[in-house]
Amino acid sequence: MEAGRFVGKGMEATLFDNLNHTPTASLTGTVSETIGMTVVVADFPAPVGAVVRVEREAEGPCEGEVVGFRDGRTLVYLQSATAGVRRGNKVRMVRAGRVLKVGEGLLGRVLDAHGTFIDGRPQPLLTGRARIDRQPPPATERPRIREPLSTGVHAIDSLLTCGRGQRLGIFAGSGVGKSVLLGMMTRNTNADVIVTGLIGERGREVNEFLDRDLGVEGMKRSVVVVATSNESALTRLQAASTATAIAEYFRDQGKQVLLLMDSVTRFAMAQREIGLAAGEPPTTRGYPPSMYALLPRLVERAGQTSQGSITAFYTVLVEGDDENEPVADTMRGLLDGHVWLSRKLATRGHYPAIDILSSISRVMKDITSPQHQAAAQTIRKLLSVYAEHEDLLSIGAYRRGSNRTVDVAVEMRDAIETLLRQPIDSAAPYEKVVELLIALAEQCQVRLAAPATSPAIPIQGAAGAATTSGGATQPSAANGTRVAQAAR
């Protein structure tokens, strides 16, 4: 690719795109007022989204972005604190929009929201350019999702199968295992490139994610964009767009990209800060109308095109474990599926704590075989029946033999849970997981078809134990070896 060439509208975007982001004249204004992180500038007709520089005597210049207008004056939200800004300081427009340097040299690197490398290693040569505010692909140019993408997470690959170009949400409260689940995906997925956006994370957790969750192998094909919680709302907002722009670049190169964003809730909170500072009216829980417009623009940029695909997982931090809070409710309607992490499962030590019955993949039927779908339906049915009768079972009020489906759900419980549980550092290939699911479903169907009064039938469960109709368990070395080999 030629130096200075833009990556944005396919491969035809050229220097003319750059001219649209270059000011034709020097625009300057003066600071007239500050409100929190917002600077009010007089005599400054810069467009919304323009990058500006505010001169300060003691602290040095600081950058900001035009976010709106009020009473004939321009509102600029700063990237850093307003300390040192005084009335009369000069404000100068730098460029009309943000541009990011892109290239193969991004792989294995850690960047901030502005594309600056923060891992202490030398700056690579990046000849491509991409706008961070690129428009989503036209709806009519998006191919249908036809192929599955292996995430390396057994519960997702078997019962919530994800397709290449699909967009899913991971919904959970704090401390239920969202970041660990993302780390498992980065190490075990079969995607070509992984782009991770850590939005509003605690500073301590960044190195933990890089060293513990991502690891050396995962980092080789990854790009990580970081904006910690202490950085400005504008920086946190731009980090999400930067991560998406990098994923778009690799998609346009024909790659299968996995985009992981943790979390879209903090992205929405950042827009809440900026929107309220710009004078927008607050709605539910203080979120401004612009937040509801910004979320679909962000998630629609992911997906499949004729060149490649971006499969995206957005974590949603559910405040107070309220499933109907504004961000969670909005994201459920925008995405192609959702994965709910259960605090109840997490407290039982069931990891990953995926609540299968509350989760769904809307494209699973288009990318899986009829046999796979039937097997998944069988397991879901047994999980649902067990959940409906769990209270009766826990107090001993259920009489064995009253309902054959309930009996089988109880007998197969350990085998099903073993398939869905998974150590952090192990994974089986997608094809092997599907094979195990179908075998388990066939065992369940045999049990369901057997008469209630039939003799005990051994069940070869994924737990490595044979369960009889009398409820006794016996070790099954052959089955335990099978699962262990699959994990290796």
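The values are calculated or read from the model by the stated rules, or taken from the named source; none is laboratory data. Computed from a predicted model, the values in this text were never measured in an experiment. In this analysis, Cβ positions are derived from the backbone assuming ideal geometry, glycine residues included, and neighbour counts consider all displayed protein chains. What goes into the accessible areas is simple: the full protein's heavy atoms, side chains included, and nothing from ligands, DNA or RNA. Shrake-Rupley method; radii C 1.70, N 1.55, O 1.52, S 1.80 Å.
Would region 169-286 count as rounded, prolate or oblate if I go by the C-alpha gyration tensor, calling it rounded below 1.5 in a/c and otherwise prolate when a/b exceeds b/c, oblate otherwise? Intermediate values should be presented prior to the final figure.
Working: a/c = 2.15, a/b = 1.58, b/c = 1.36.
Because a/c hits 1.5 or more and a/b exceeds b/c, region 169-286 counts as prolate.
With axes computed from alpha carbons, what is the tilt in degrees of helix 264-277 against the longest principal axis of the chain, rounded to the nearest 10 within 0 to 90?
For helix 264-277, the angle is close to 30 degrees.
How much accessible surface area, in Å² rounded to 10, belongs to the heavy atoms of Lys90 with a 1.4 Å probe?
Accessible area of Lys90: about 110 Å².
Considering only DSSP beta bridges whose two residues both sit in the chain, what percent are antiparallel, to the nearest 5? Intermediate results must be reported in sequence, preceding the final value.
On the way: 42 of 74 bridges.
Antiparallel bridges: around 55 percent, rounded to the nearest 5.
Find how much the distance from His350 to Asn207 grows on full extension, using 0.36 nm per residue of separation minus their present alpha carbon separation; answer in nm with one decimal.
Length difference between fully extended and current span is 48.9 nm.
Where does the Debye-calculated log10 I(q)/I(0) of region 72-150 sit at q = 0.10, 0.11 Å⁻¹, using only Cα point scatterers of equal weight, no solvent?
Log10 I(q)/I(0), no solvent term: -0.49, -0.58.
Rounded if a/c is under 1.5, else prolate if a/b is larger than b/c, else oblate: which is region 235-358, with a ≥ b ≥ c the root eigenvalues of its Cα gyration tensor? Don't jump to the answer; show the numbers that get you there.
Working: a/c = 2.10, a/b = 1.03, b/c = 2.04.
Taking the square roots of the gyration eigenvalues as a ≥ b ≥ c, region 235-358 is oblate.
Excluding residues fewer than 8 places away in the same chain, name every one of the lysines whose C-alpha is closer than 23 Å to that of Lys255.
Correct list for Lys255: Lys9, Lys101, Lys220.
Quick one: compute the contact order of region 114-193, relative version, from alpha carbon pairs under 8 angstrom and 6+ residues apart, as a percent. Can you show the working numbers first?
Details: 45 pairs, mean separation 24.3, N = 80.
Relative contact order for region 114-193 comes out at 30 percent.
How much accessible area per residue does the chain have, in Å², with a 1.4 Å probe? Numbers along the way, then the final one.
Numbers: 20770 Å² over 488 residues.
For the chain, the per-residue accessible area is 43 Å².
So how tilted is helix 477-487 from the main axis of the chain? Cα-based, degrees 0 to 90, rounded to 10.
Long axis of 477-487 versus the principal axis of the chain: about 10 degrees.
What distance in nm lies between label points placed 7 Å from Cα along the C-beta direction at Gln371 and Asn190?
It works out to 1.6 nm between the two label points.
Remind me, relative contact order of region 21-101 in percent, using alpha carbon pairs under 8 angstrom and six or more residues apart?
Values: 194 pairs, mean separation 32.2, N = 81.
Here the relative contact order equals 40 percent.
Let me know the charge dipole size of the chain about its Cα centre in debye, to the nearest 20, where only the beta-carbon of Lys, Arg (+1) and Asp, Glu (-1) is charged. Could you put the intermediate results ahead of the total?
Working: 55 positive and 52 negative charges, 95 e Å.
In total the dipole reaches around 460 debye.
Which angle between 0 and 90 degrees, to the nearest 10, do you get for helix 430-449 versus the longest principal axis of the chain when only C-alpha atoms count?
Between the helix axis and the principal axis of the chain, the angle is about 40 degrees.
Return a whole-number percent for the relative contact order of the chain, with Cα pairs under 8 Å and 6 or more residues apart as the contact set. Display every interim value, and only then the final one.
Working: 1017 pairs, mean separation 70.1, N = 488.
Over the chain, the number comes to 14 percent.
Using a Förster distance of 25 Å, how high is the FRET efficiency between Glu300 and Ser229, based on the Cβ-Cβ distance and rounded to 0.05? Intermediate results must be reported in sequence, preceding the final value.
Details: r = 26 Å, r/R0 = 1.06.
Calculated value: 0.40.
Taking only the alpha carbons of the chain, what extent do you get along each of the three principal axes, in Å, biggest first?
The Cα atoms of the chain stretch 90, 47, 42 Å along the principal axes, largest first.
Just grab the label-to-label distance for Leu393 and Thr283, each label 7 Å out from Cα along the Cβ direction, in nm (one decimal).
Result for the modelled spin labels: 4.2 nm.
When a/c is below 1.5 the answer is rounded, else prolate if a/b is larger than b/c, else oblate, so apply that to region 312-361 with a ≥ b ≥ c taken from the square roots of the Cα gyration tensor eigenvalues. Before the final figure, lay out each step's value.
Working: a/c = 2.27, a/b = 1.46, b/c = 1.56.
Because a/c hits 1.5 or more and a/b fails to exceed b/c, region 312-361 counts as oblate.
Of the heavy-atom accessible surface of the chain (probe 1.4 angstrom), what whole percent is carbon and sulfur? Don't jump to the answer; show the numbers that get you there.
Numbers: 10740 of 20770 Å².
In the chain, the share of accessible area belonging to carbon and sulfur is 52 percent.
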